[in-house]
Every structure is written in structure tokens, then in C-alpha cells.
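Participant: Starting off with a structure, shown below.
The values are calculated or read from the model by the stated rules, or taken from the named source; none is laboratory data. Computed from a predicted structure; not experimentally measured. When we count neighbours, we look across all protein chains shown, and the Cβ atoms used for this are built from the backbone with ideal geometry, even at glycine.
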Amino acid sequence: MRHGFTTMQALALSLALAFLVLPVVAVFLQVSPAAMLSQLGGDAATQAIVVSLRTNVIADIVIVVVGTPAAWLLARHRSFPGRRVLVTLLELPLVLPPAVAGIALLVTFGRNGLLGGQLDALGVTIPFTEVAVVMAIIFVAGPFYLRQAITTFESIDPRLVQAAATLGAGPWRTFRKVVLPLAMGGLAGGWALAFARGLGEFGATLIFAGSLPGVTQTLPLAIYSEMNRDLDTALAIGGLLIVVAALVLLAVKMIPSWNPTPSSPPPSARRSATSPSTSR
């Protein structure tokens, strides 16, 4: 009986591997490494790479700068009325279909949208511009970072924060010298997930920003555009995204080893928590 159950488990694992891994392998079997590099040097791929990197870097900066203090606030105050509803609303884009995210952004910031009149009066046009690409990435990828950051901050031993405050450290110094060193591994993991999600964004970007080569056409949009014109280019771009995704996933799996336990904070956090400095 035990042998039969083990055989069934092995069969299930084999089927899962075949279904999930074979399509990935097939991409690289269809185009050689030399041809892939050659195709990635073409205009369509090069422009898409530049647009994707530029928009993702800008979006990730906004996500980290805004999301980090927001997550720390929500992690510190865990019992205020409506917190669960607020966190659910912030995480809602995680489960929204990308097309819904795109049309939601369009009816909010488009010319005839909720804020379209005010933006038009200021001479600001967002849809079908690079700004729209950045906003689409922030909308769909930001919650990945925010969720990870909240969880990371909640795992920090509150006694360390209280000790720093007791010894005279102000909120900013406590956050910078105690909290951030403890949370850095988790925050880095959240950023990696947000970057990977933003790099692979398709639906929201297509609806809200369009697919204008050199302006709003990101790597996933370039794959869609090249499918009927140059399959090799589409495969090359797909292979590039697979490699990037694999590297990000590998980095995320390695990041927990960087996370200090609450009983063993990094040296900078220990020094700050015991420092008599009254700097605020």
C-alpha cells in the first residue's frame, strides 16, 4: 500500500513537472542562443527593453518610497477600526483581472474619466503615454511589495523598537537604524516580486497605455505585437523574460537567509537600540 501511494505521488510530480516545465523548455528549443541574442538586438526588442526598464525603475522607486512608510504604519497599528477592510482594498489589485485594472485606470484618469476633466483643464494627458505605463505597473505590482512589507514589519520584535524609543531615539531614527536593518531582507523580497510582476504586466498596460513602439510598448506587448510578424523575435523576448523571472525567483528564495531573527538583530540595529543618542 505504501509503495503504491509513493508511486502515485511520483506520477503526480512527473505530470506537474511535464506540464509546467516543458512549455518553458520549448521556448529555448525553438530558437538558438545565438539567434536569440541577434533578435534581441533588433529595433523592436531593443525599444521594448528600454521602455520596460525605464518604466519599471520609475514605478519601483514610487512603490518603495510610498509603500515602505505606509506598510510600517499599518504594521504598527494593527487594531484600529476598519484596518482589515483597508488592507483588503490595498491588496485588491492582486486578484483583479489585468483587463479590469486597465479599464479602471482608464475611466479614472482618461479624458472622460472621473478625474479626466480636472487633468484636461491642467493640460495633463495620461492615457497612452509612458506615464500611463508607470501607473499601470504601480497599480498591479505595488500591492505585492506592500503585502510583503506589512508582513515583514509585523514580524519584527516590538521590544527592539520600544527599547530604542526608551533610550531616546526618535521615530525616524528608530525606523532608519533599527527597523529597516531588520526588515531589509523581506523588503528586498517584496521589491523583487513587484519588479517581476511589473516586468510581466500586459493587460492593464495595453488598455490604459496602448502599445506604441518606443513609447508604451513593453516587453510583453512586444511579444504580442511580433507574434504575427516575426515569431523568432517574440520567442527571443519570451526567453529573456523567462531568464529574468527565474533569476528573480531564485533571489527571492535566497533572501530569507538574509533576514535576521528577532533574537539576533544585525549589529547596526543592536547598536541603535542601545545607543543613548537622543537624535530625532
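Participant: I'm checking my understanding of the structure. Among residues of region 176-191 that are hydrophobic (A, V, I, L, M, F, W, C) and more than 14 Å from Val64 (Cβ to Cβ), which one is surrounded by the fewest Cβ atoms within 10 Å (Cβ to Cβ)? Let's see the steps before the verdict.
Facilitator: Taking region 176-191 first, the residues hydrophobic (A, V, I, L, M, F, W, C) are 178-180, 182-184, 187-188, 191.
Those still in the list that are more than 14 Å from Val64 (Cβ to Cβ) too: 178-179, 182.
Values: Val178: 26, Val179: 23, Leu182: 25.
Here the answer is Val179.
Rundown of residues vs (1) touching a strand residue (DSSP E or B) at 6+ places or on another chain (Cβ under 9 Å); (2) farther than 30 Å from Val87 by Cα; (3) loosely packed, with under 10 Cβ neighbours inside 10 Å; (4) not β-branched (Val, Ile, Thr), yes/no style:
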position: Thr6; (1), (2), (3), (4): no, yes, no, no
position: Ala10; (1), (2), (3), (4): no, yes, no, yes
position: Leu17; (1), (2), (3), (4): no, yes, no, yes
position: Phe28; (1), (2), (3), (4): no, yes, no, yes
position: Leu40; (1), (2), (3), (4): no, yes, no, yes
position: Ile58; (1), (2), (3), (4): no, no, no, no
position: Val62; (1), (2), (3), (4): no, no, no, no
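Participant: Go through the residues of region 153-171 one by one and say whether even a single one is among the β-branched types (Val, Ile, Thr), touching a Pro at 6+ places or on another chain (Cβ under 9 Å) and modelled with pLDDT of 95 or more.
Facilitator: no
Participant: Working only within region 54-92, note down all residues that are of a type in the set (Lys, Arg), within 22 Å of Val179 (Cα to Cα) and without any contact (Cβ under 8 Å) to a residue 60 or more places away in the chain.
Facilitator: Arg83
Participant: Okay, moving on. Restricting to region 93-109, name every residue that is free of Cβ contacts under 8 Å to residues at least 60 places away in the same chain and not hydrophobic (A, V, I, L, M, F, W, C).
Facilitator: Scanning region 93-109 gives Pro93, Thr108.
Participant: May I pose another question? Give all pairs with beta carbons closer than 7 Å in which a residue from region 17-38 that is under 14 Å from Gly238 (Cβ atoms) meets a residue that is outside any helix (DSSP H, G or I) and not aromatic (Phe, Trp, Tyr); count only pairs at least 6 apart in sequence or on separate chains.
Facilitator: none
Participant: Hey, any hits in region 55-62 for a residue that's within 24 Å of Val243 (Cβ to Cβ), in contact with a Gly (Cβ under 9 Å, 6 or more places away or on another chain) and either at pLDDT below 95 or aromatic (Phe, Trp, Tyr) (or both)?
Facilitator: Looking through region 55-62, none of the residues is within 24 Å of Val243 (Cβ to Cβ), in contact with a Gly (Cβ under 9 Å, 6 or more places away or on another chain) and either at pLDDT below 95 or aromatic (Phe, Trp, Tyr) (or both).
Participant: What is the one condition in (1) aliphatic (A, V, I, L, M); (2) closer than 18 Å to Ala149 by Cα; (3) at pLDDT 95 or above; (4) buried (at least 17 other Cβ atoms within 10 Å of the Cβ) that Ala75 does not satisfy?
Facilitator: Failing condition for Ala75: (3).
Participant: For region 139-203, please list each of the helices (runs of 4 or more DSSP H) lying entirely inside it that holds at least 2 residues being among the acidic types (Asp, Glu) and closer than 30 Å to Thr218 by Cβ.
Facilitator: Because the criterion is at least 2 residues that are among the acidic types (Asp, Glu) and closer than 30 Å to Thr218 by Cβ, no helices (runs of 4 or more DSSP H) in region 139-203 meet it.
Participant: Can you pull out every residue in region 162-181 that is in contact with a helix residue (DSSP H, G or I) (Cβ under 7 Å, 6 or more places away or on another chain), in contact (Cβ under 8 Å) with a residue 24 or more places away in the chain and closer than 17 Å to His77 by Cα?
Facilitator: Correct list: Thr174, Phe175, Val179.
Participant: State yes or no: is Ala70 surrounded by 19 or more Cβ atoms within 10 Å (Cβ to Cβ) and part of a helix (DSSP H, G or I)?
Facilitator: Judged against the criteria, Ala70 is not a match.
Participant: A follow-up question, please. If you check Gly82 against the conditions, is it modelled with pLDDT under 95 and under 20 Å from Gly210 (Cβ atoms)?
Facilitator: no
Participant: Name the one entry in Ala209, Ala234 that is over 20 Å from the mean Cα position of the chain (by Cα), buried (at least 18 other Cβ atoms within 10 Å of the Cβ) and either over 30 Å from Leu160 (Cα atoms) or without any contact (Cβ under 8 Å) to a residue 12 or more places away in the chain (or both).
Facilitator: Answer to the selection: Ala234.
Participant: Oh, and also: Going through region 94-112 one residue at a time, which ones are surrounded by fewer than 18 Cβ atoms within 10 Å (Cβ to Cβ) and either polar (S, T, N, Q) or not in a helix (DSSP H, G or I) (or both)?
Facilitator: Val95, Leu96, Pro97, Thr108, Arg111, Asn112
Participant: Can you confirm whether Thr46 is more than 30 Å from Leu180 (Cα to Cα), touching a Leu at 6+ places or on another chain (Cβ under 9 Å) and of a type in the set (Ser, Thr, Tyr)?
Facilitator: yes
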